[in-house]
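So the structure is just underneath, and the comments pick up after that.
The values are calculated or read from the model by the stated rules, or taken from the named source; none is laboratory data. Everything numeric in this text was worked out from a predicted model, so none of it was measured. Cβ placement follows ideal geometry from the backbone for every residue including glycine, while neighbour counts extend to all protein chains displayed. We work out accessible area using only protein heavy atoms, side chains counted, and drop any ligands, DNA or RNA first. Shrake-Rupley method; radii C 1.70, N 1.55, O 1.52, S 1.80 Å.
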Amino acid sequence: MKHTIVFHSINLAKKMRKAIGLKLGNPPVSYSQSSALLAIDSQKEISQREIASRLHLQPASVVSLIDELERLKLVLRKPTSFDRRKYNITLTPEGKTLACKIRREASQLENFLREKLGSNEAEKFFLTVGDISSYIDEWQERVKTTKTTKGGEYEISGAKRHLAA
């Protein structure tokens, strides 16, 4: 796929993750885990529901994300005083150290890229990325109306009949 926006964007995201060392850390963490650590670090206490909202994830996905961060000893779940079914999430000292490292590495790369791009190119980049994000939302809405859900997967109506013929 020589010149595709989709695959170039995916490749760029991979390069950025590698450049700031997310997968090379100790422990190695994913983009979602890193984002969760930064969201938690930005608050004294934060609920799983708030994390889900900030990261644009389903609450059920955040439960497994927090389970893994807890297993890595990066976060603690603390029951709230008003509802024992709900938890506030806080960083452990190790989690704070890792969040600080992630923030520092990302900031250094950000500063380097802004220096190389200059303010005009950086502004164009943000506008273009914003446009692409909106277009993806529009495309997903369009696809949603032309596809039906069956067995948890998207299926184009009549596609199987056409392929089987």
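Could you list, in sequence order, all residues of region 50-69 that are within 18 Å of P93 (Cα to Cα) and buried (at least 16 other Cβ atoms within 10 Å of the Cβ)?
I66, E68, L69, listed by residue number.
Please work out if K124 is out of contact with any helix residue (DSSP H, G or I) (no Cβ under 7 Å at 6 or more places or on another chain), at pLDDT 95 or above and open to solvent by 100 Å² or more (accessible area, probe 1.4 Å).
Yes; evaluated as a whole, the condition is true for this residue.
Is it true that R114 is among the charged types (D, E, K, R), within 23 Å of I136 (Cβ to Cβ), in contact with a helix residue (DSSP H, G or I) (Cβ under 8 Å, 6 or more places away or on another chain) and part of a helix (DSSP H, G or I)?
For R114, the condition - among the charged types (D, E, K, R), within 23 Å of I136 (Cβ to Cβ), in contact with a helix residue (DSSP H, G or I) (Cβ under 8 Å, 6 or more places away or on another chain) and part of a helix (DSSP H, G or I) - is not met.
Does K73 satisfy being in contact with a Ser or Thr (Cβ under 8 Å, 6 or more places away or on another chain) and either without any contact (Cβ under 8 Å) to a residue 12 or more places away in the chain or at positive phi (or both)?
Taking the combined requirement at face value, the residue satisfies it.
If I go through region 67-85 residue by residue, how many of them are more than 18 Å from Q43 (Cα to Cα) and either within 20 Å of the chain's Cα centre (by Cα) or among the small types (G, A, S) (or both)?
Residues flagged as more than 18 Å from Q43 (Cα to Cα) and either within 20 Å of the chain's Cα centre (by Cα) or among the small types (G, A, S) (or both) within region 67-85 amount to 4.
For residues that are in a loop (DSSP other than H, G, I, E, B) and either closer than 21 Å to R17 by Cα or under 14 Å from the mean Cα position of the chain (by Cα) (or both), tally how many sit in region 40-66.
Residues flagged as in a loop (DSSP other than H, G, I, E, B) and either closer than 21 Å to R17 by Cα or under 14 Å from the mean Cα position of the chain (by Cα) (or both) within region 40-66 amount to 4.
Does K101 meet the test of being of a type outside the set (S, T, N, Q), within 21 Å of S35 (Cα to Cα) and surrounded by 13 or more Cβ atoms within 10 Å (Cβ to Cβ)?
yes
If you take the residues of region 129-148 that are polar (S, T, N, Q) and within 27 Å of A36 (Cβ to Cβ), which of them is most open to solvent (accessible area, probe 1.4 Å)?
By that ranking, first place goes to Q140.
If the Cβ limit is 6 Å and pairs must be 6+ apart or interchain, which residue in region 101-124 that is among the basic types (K, R) pairs with which residue that is surrounded by 11 or more Cβ atoms within 10 Å (Cβ to Cβ) and not in a helix (DSSP H, G or I)?
Listed pairs, sorted by first residue: none to list.
Determine which member of the set S47, S42 is farther than 14 Å from P27 by Cβ and either among the basic types (K, R) or open to solvent by 50 Å² or more (accessible area, probe 1.4 Å) (or both).
It is S42.
How many residues, within region 10-39, are surrounded by 13 or more Cβ atoms within 10 Å (Cβ to Cβ) and outside any loop (DSSP other than H, G, I, E, B)?
Matching residues across region 10-39 total 12.
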